[in-house]
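Colleague: Once you've had a glance at the structure underneath, I'll fire off some questions.
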Amino acid sequence: MIIAVDGPAASGKGTIARALAAHYKLPHLDTGLLYRAVGQTVLDRGGDPASALDAFEACDFADALLADPRLKLAAAGNAASVVSAHGSVRQALMDRQRAFAAQPGGAVLDGRDIGTVIAPDADAKLFVRATSAIRARRRYEELVRAGVATSFDRVLADIKARDLRDSTRAAAPLRQAEDAMLLDTSYMSIESAISRAIALVESRR
Ligand code: C5P
């Protein structure tokens, strides 16, 4: 069984994808990490994420960074959102994601274009969303707990800028696949969002 989980930043898609993977005992790939690793590699090499050449070259080196804790920070997220708009970068990362999805037994992948591009034949597709204010509140509280100095307004502005870039780019923009099931987590606890996600996947089995 292949499960595709897509949605904007801080919608809860990562938590839901991990919980689904644990529930169905399937391997899980957070595809955002691949783009974050490419973005961070460009920054480390002193390049410009907006340069298609710098970003494409970074794809060869990004694997070394996959466990780097800096990938969780806003700098890597913002660089990821810029490098991910280059078609050449998306192409370079595609085989790896498709190979992961094609494992015998199946897999859970989360990202922006899993249901639309990477695994259009997935058995179950979820599109997870929440209002930008609620997503910013969640992300802000996470950062405060991690001891990162920031403000709510800054986090909200970052999230809105990332939403805009991710949904208006020409290459594989963020959008709900026609056959994806919508899960709005705005007013749900993590526990209810997970139970609802399992119920939705069950409805497609
Ligand atoms: O999900 P996460 O916030 O880690 O993703 C970082 C960025 O990587 C996103 O803002 C998006 O631009 C890009 N991304 C993508 N396609 C994916 C996963 C992430 O374009 N499948």
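Colleague: Given the conditions (1) more than 8 Å from the ligand (Cβ to nearest atom); (2) of a type in the set (D, E, K, R); (3) buried (at least 17 other Cβ atoms within 10 Å of the Cβ); (4) under 25 Å from P120 (Cβ atoms), report the number of the one that D95 does not fulfil.
Modeller: Single failed check for D95: (3).
Colleague: Moving to a separate point now. State all residues of the range 3-13 that are near the ligand (Cβ under 10 Å from one of its atoms) and on the phi > 0 side of the Ramachandran plot; if no residue qualifies, say none.
Modeller: Selection gives G7, A10.
Colleague: To continue, here is another question. Considering the range 189-205 alone, what residues qualify as being touching a residue at least 40 places away in the same chain (Cβ under 8 Å), surrounded by fewer than 17 Cβ atoms within 10 Å (Cβ to Cβ) and under 20 Å from S132 (Cα atoms)?
Modeller: Result: I190, single match.
Colleague: Now, a different point. Can you name every one of the strands (runs of 3 or more DSSP E) wholly within the range 88-205 that holds 3 or more residues which are closer than 23 Å to L33 by Cβ? Even if it seems obvious, please write down each step before you answer.
Modeller: On the way: elements: 107-111, 124-129, 181-184.
So the answer is 107-111, 124-129.
Colleague: Sticking with this structure for a sec: Please enumerate the residues belonging to the range 14-31 that are of a type outside the set (D, E, K, R), surrounded by fewer than 21 Cβ atoms within 10 Å (Cβ to Cβ) and within 11 Å of the ligand (Cβ to nearest atom).
Modeller: G14
Colleague: Give the residue, chosen from R36, R90, that is of a type in the set (K, R), in contact with a Leu (Cβ under 9 Å, 6 or more places away or on another chain) and modelled with pLDDT of 95 or more.
Modeller: R36
Colleague: Mind checking which residues of the range 3-13 are farther than 21 Å from M94 by Cα and either of a type in the set (A, V, I, L, M) or surrounded by fewer than 18 Cβ atoms within 10 Å (Cβ to Cβ) (or both)? Explain how you work it out, then say what you get.
Modeller: Our first condition is that a residue be farther than 21 Å from M94 by Cα; within the range 3-13, this holds for 10-12.
The answer is A10, and nothing else.
Colleague: Can you find, within the range 115-136, the residue that is surrounded by the fewest Cβ atoms within 10 Å (Cβ to Cβ) among those that are out of contact with any strand residue (DSSP E or B) (no Cβ under 8 Å at 6 or more places or on another chain) and of a type in the set (A, V, I, L, M, F, W, C)?
Modeller: At the first step, the residues of the range 115-136 found to be out of contact with any strand residue (DSSP E or B) (no Cβ under 8 Å at 6 or more places or on another chain) are 117, 120, 131-136.
If we keep only those that are of a type in the set (A, V, I, L, M, F, W, C) as well, we get 117, 133-134, 136.
Details: V117: 19, A133: 13, I134: 17, A136: 22.
Ranking the candidates gives A133 first.
Colleague: Looking at the structure I just gave you, is A80 touching a helix residue (DSSP H, G or I) at 6+ places or on another chain (Cβ under 6 Å), modelled with pLDDT under 95 and farther than 29 Å from S192 by Cα?
Modeller: Working: touching a helix residue (DSSP H, G or I) at 6+ places or on another chain (Cβ under 6 Å): yes; modelled with pLDDT under 95: no; farther than 29 Å from S192 by Cα: yes.
When the stated conditions are applied, A80 does not pass them.
Colleague: Which pairs do you get when a residue that is under 19 Å from A76 (Cβ atoms) and touching a residue at least 60 places away in the same chain (Cβ under 8 Å), found in the range 15-38, comes within reach of a residue that is of a type in the set (K, R) and in a helix (DSSP H, G or I), reach meaning Cβ atoms under 8 angstrom, with the pair 6+ apart or on two chains?
Modeller: Within 8 Å, the pairs are L34/R96.
Colleague: Would you point out which residue out of A107, A92 is under 20 Å from L183 (Cβ atoms) and either touching a residue at least 60 places away in the same chain (Cβ under 8 Å) or not hydroxyl-bearing (S, T, Y) (or both)? Full working, then the answer.
Modeller: Values: A92 fails: under 20 Å from L183 (Cβ atoms).
Every option except A107 fails the conditions.
The rows are residues; the columns are (1) under 19 Å from L174 (Cβ atoms); (2) surrounded by 16 or more Cβ atoms within 10 Å (Cβ to Cβ); (3) within 12 Å of the ligand (Cβ to nearest atom).
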{"residue": "V38", "(1), (2), (3)": "yes, yes, yes"}
{"residue": "S51", "(1), (2), (3)": "no, no, no"}
{"residue": "A58", "(1), (2), (3)": "no, yes, no"}
{"residue": "L71", "(1), (2), (3)": "no, yes, yes"}
{"residue": "G77", "(1), (2), (3)": "yes, yes, yes"}
{"residue": "S81", "(1), (2), (3)": "yes, yes, yes"}
{"residue": "A99", "(1), (2), (3)": "no, no, no"}
{"residue": "G105", "(1), (2), (3)": "no, no, no"}
{"residue": "D113", "(1), (2), (3)": "yes, yes, yes"}
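The values are calculated or read from the model by the stated rules, or taken from the named source; none is laboratory data. Here the structure is a predicted model, which is why all the values come from computation and not from measurement. Note: ideal-geometry Cβ built from the backbone for every residue, glycine included; neighbour counts use all protein chains shown.
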